[in-house]
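Every read-out reported here was derived from the displayed coordinates using simple, explicitly stated rules and does not represent laboratory data. If you're wondering where the values come from, they're calculated on a predicted model, not measured in any experiment. Cβ coordinates were reconstructed from backbone atoms using ideal geometry, including for glycine residues, and neighbour counts include every protein chain displayed.
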Amino acid sequence: MKPNSIITLTINPSLDKSTHFNSLIAEQKIRCEKPRYDAGGGGINVSKAIAKLGGSSTCVFTSGGSSGEMLEELITKEGLESTVIKTKNWTRENFIAFENATKSQYRFGFPGNEISDDEKDKIIEVVSKVKADYLVISGSLNEGLPTDFYQKIAETAKASGIKVVVDTSGESLRKVLETGVYLIKPNIGELAKLIGVDHLELPEVEKAAKQLISNKSAEIVVVSLGPEGAILVTKDETHLVKAPKVEKKSTVGAGDSMVGGMVWALSQNKSLKEVIQIGVCCGTAATMNEGTQLFKVEDVKRLFEGMKG
Ligand SMILES: Nc1ncnc2c1ncn2[C@@H]1O[C@H](COP(=O)(O)OP(=O)(O)OP(=O)(O)O)[C@@H](O)[C@H]1O
Ligand SMILES: [Mg+2]
């Protein structure tokens with residue numbers, strides 16, 4: 001069977017600049033090592049993860065100014081297919097600095113620049129023309145964008161028969177769920193917020209997920225549980241998958257890796273049990289690498305073999 005096609009959307013990407021330094025001392029000049037640049041943002045990471053697994057996707061993202069040009073170059077170098085939506089304002093840059101003395105990572109995130117009304121319309125227009133089986137909407141929204149913007153995108157994609165996968169939080173997620181999508185991947189804290197409670201314990205998660213499914217908010221709810229793994233719930237099935245024990249270096253990108261793994265598995269028509277197993281393996285494999293790196297496919301394969309075995 002032909003694999004299904006995937007589009008990822010990143011409205012608020014970033015040019016990530018990472019470096020190492022010895023120790024953080026106020027008022028003194030802190031000497032940093034030569035920086036490394038990476039293309040960042042939810043959907044872009046999901047596309048990178050899919051590519052690592054041998055799949056393909058088209059990465060739709062906004063880009064403006066010199067930082068945007070550099071972002072585009074990095075995405076081309078990664079070998080990702082892309083559709084660029086140009087913006088007048090520059091793409092934001094994020095700064096990630098690793099302190100050698102304490103082995104601590106500091107992540108400075110900047111707000112995404114404002115998107116004009118014309119640019120907003122352009123994003124919707126691009127989405128209305130895409131032909132794909134899956135659209136992955138992931139990451140934060142730029143400052144000033146209305147919280148129903150992802151909802152509009154989801155409605156547009158659904159009208160073309162595309163299955164919409166969403167990984168976002170807060171009000172944007174709540175709005176998207178009014179429209180109803182194919183799959184959502186909140187972590188347990190995001191799920192608690194969504195249903196208006198401070199905290200959820202594992203035994204309460206399945207019930208909360210089932211409620212979202214019966215409300216027609218989503219067909220598949222995957223709740224990630226950090227080091228505990230994840231739970232996938234549909235109307236008829238529930239699968240709890242424990243995360244394998246590994247030596248954790250950094251959890252950055254674990255959520256995006258997980259979503260990439262799951263969408264790739266869905267596109268390959270895997271069973272839902274395998275979808276969640278592959279998702280957990282990708283998320284956990286991502287924690288074995290430092291900084292913004294996602295996962296190594298060898299690690300995913302090894303963890304997955306261990307799960308089957
Ligand atoms: N400490 C850990 N040890 C092992 N696996 C982990 C750990 N943290 C995360 N994972 C893996 O990554 C998956 C997603 O992690 P998590 O629940 O932290 O998502 P998230 O909060 O959305 O992450 P992000 O901050 O990247 O958005 C988990 O289901 C698990 O497989
Ligand atoms: Mg997340």
Under the helix-only model (-39500 (n - 2.57) for each DSSP H run of 4 or more, divided by the residues of the chain), the mean residue ellipticity at 222 nm, to 500 deg cm²/dmol, is -12000 deg cm²/dmol
Within the under-9-Å Cβ sphere about Val223, not counting Val223, Lys/Arg +1 and Asp/Glu -1 give a net charge of -1
Mind listing the long-range amide H neighbours of Glu93? Cut-off is under 5 Å, sequence gap 5 or more, other chains count too, H placed in the peptide plane at 1.01 Å from N.
Leu15
Multiplying the sequence separation of Ser56 and Phe108 by 0.36 nm and subtracting their Cα-Cα distance, what value in nm do you get?
15.7 nm
Just to confirm my numbers, what's the Cα centroid distance between the range 212-248 and the range 50-86 in Å?
29 Å
Where in the chain are the DSSP H helices whose alpha-carbon span along the long axis reaches 27 Å or more and whose Kyte-Doolittle mean is at least 1.0?
none
If N is the number of residues in the range 37-143, what value comes out of its Cα radius of gyration divided by 2.2 N^0.38 Å?
1.16
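In nm, what is the difference between 0.36 nm times the number of residues separating Glu201 and Ala26 and their Cα-Cα distance?
58.9 nm is the gain from fully extending Glu201 to Ala26.
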Under 5 Å from the placed amide H of Ala243, counting only residues 5+ away or on other chains, we find Gly229, Ala230
Cα→Cβ-extended label distance, 7 Å offset, between Glu73 and Glu178, nm
4.3 nm
Set of lysines near Lys48 by C-alpha distance (under 16 Å), chain-local residues within fewer than 8 positions excluded:
Lys77, Lys296
Can you tell me, using C-alpha contacts under 8 Å and at least 6 residues apart, the relative contact order of the chain as a whole percent?
16 percent
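At a 10 angstrom cut-off on C-beta neighbours, averaged per residue, how do the peptides 282-293, 11-22, 26-37 rank from highest to lowest?
282-293, 11-22, 26-37
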Most fluctuating residue of Ser172, Ser160, Ser138 in a GNM of the chain with Cα springs under 10 Å: which is it?
Ser160
Quick one: what are the phi-derived ³J(HN,Hα) couplings along the range 130-138, Karplus 6.51/-1.76/1.60 with θ = phi - 60°, whole Hz, x for glycine and proline?
6, 10, 7, 8, 10, 10, 9, 9, 9
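Considering only the chain, what is the antiparallel percent among its DSSP beta bridges, to the nearest 5?
Counting only bridges with both partners in the chain, antiparallel ones make up about 35 percent.
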Extent of the range 6-300 along each principal axis, from alpha carbon coordinates, in Å, largest to smallest?
58, 47, 38
